[in-house]
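Derivation of every value follows stated rules applied to the coordinates shown; laboratory data play no part. Predicted model, so just to flag it, every value in this text is computed and none were measured. No Cβ is skipped: glycine too gets one built from the backbone with ideal geometry, and neighbour counts run over all protein chains shown.
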Ligand SMILES: C[S@@+](CC[C@H](N)C(=O)[O-])C[C@H]1O[C@@H](n2cnc3c(N)ncnc32)[C@H](O)[C@@H]1O
């Protein structure tokens, strides 16, 4: 059944009137700084055109598009993240399908992908493992930037894997996605790069989180039980047991409160060279990378 929007409707259907009407509808729960960017994304989405294109053609929004905008405004009002409402987001210049079964890809994770790419040579042909692939964003962006590589994304969540596979198909990028619980199973191959953005938020942080994150994004993607290093310990152990090839690259996204603990964990392990902590564009210690020792 098609969901129908509810009035009040705008007094006209030109760009300015529709934009002001849309902003008025979302203003009750959305902070002011987000009004114009959200209106822009939504008007572009329903019209299939950019603002510039609409201005040049003196575009008029048809009734069906006003209807869609009214439905979108209702969803935004209840706090549903815009990426889930529209079913899409962008990651490293790739348009990705996104739905509630997977974490919404974050800008800081794009920074991790850029860092990994800067560590690889131009004609990189190696094997890459993305642990906790979610929407498949890291795996797909790495494959896109390194077309000769073999990339595998693993996740324990069937819902996430469905979304990742859909993205692989939509983007025509040959990434393999498969189900594996990294805490109890072992990948049966060795890789040149192991990357992971595992769940890293503590239950104790739940209260201070925005509702649109904790109430809409999958808890299995966000929260780790009482040990904040649980996934990192397991991944480092697996790397030392042969999942990472000698001289291979480990790249991890972390809770900003624990990046230095992750680096210490790696430095204590016998098979890695010194870990590097990377600060993201927000000024938070967010990523840790390290090379395994050459045998
Ligand atoms: C923080 S999300 C990262 C998603 C995606 N890589 C990204 O950067 O947007 C963590 C992912 O780890 C997955 N995950 C949680 N527990 C797992 C486990 N035991 N084994 C494998 N994946 C797991 C979740 O389903 C989720 O997709």
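What is the diffusion coefficient of segment 15-131 in µm²/s, taking the Kirkwood radius over Cα pairs and the Stokes-Einstein relation at 4 °C with a viscosity of 1.567 mPa s?
78 µm²/s
Using alpha carbons only, how many angstrom separate the centre of segment 120-136 from the centre of segment 248-294?
17 Å
Who wins for biggest fluctuation among 112, 16, 142 in a Gaussian network model of the chain, springs between alpha carbons below 10 Å?
16
If each residue's Cβ is checked for other Cβ atoms within 10 Å, how do 78, 243 rank with the fewest at the top?
Fewest to most other Cβ atoms nearby, the residues stand as 78, 243.
Which residue fluctuates the most in the chain, going by a Gaussian network model with Cα springs under 10 Å, if the choices are 59, 97, 84?
Highest fluctuation among the options: 59.
Mind sorting 29, 109, 133 by how few other Cβ atoms lie within 10 Å of their own Cβ, fewest first?
Sorted ascending by nearby Cβ count, the order is 29, 109, 133.
Compute a Gaussian network model of the chain, connecting alpha carbons closer than 10 Å, and tell me which residue from 167, 255, 13 fluctuates the most.
Of the options given, 13 has the highest mean-square fluctuation.
At a 10 angstrom cut-off on C-beta neighbours, averaged per residue, how do the peptides 34-40, 230-236 rank from highest to lowest?
Top to bottom by mean Cβ count within 10 Å: 230-236, 34-40.
Take every Cα pair under 8 Å in segment 101-291 that's 6+ residues apart, average their separations, divide by the length, and report that relative contact order as a whole percent.
20 percent
For segment 101-291, just say rounded, prolate or oblate: build the C-alpha gyration tensor, square-root its eigenvalues into a ≥ b ≥ c, call rounded for a/c under 1.5, and beyond that prolate if a/b exceeds b/c, oblate if not.
rounded
How would 137, 271, 226 line up from fewest to most surrounding beta-carbon atoms within 10 angstrom?
226, 271, 137
Below 8 Å between Cα atoms, with a sequence gap of 6+, how large is the relative contact order for segment 141-227 in percent?
24 percent
Just want to confirm a number: the relative contact order over segment 1-156, from Cα pairs under 8 angstrom separated by 6+ residues, in percent.
For segment 1-156, the relative contact order is 17 percent.
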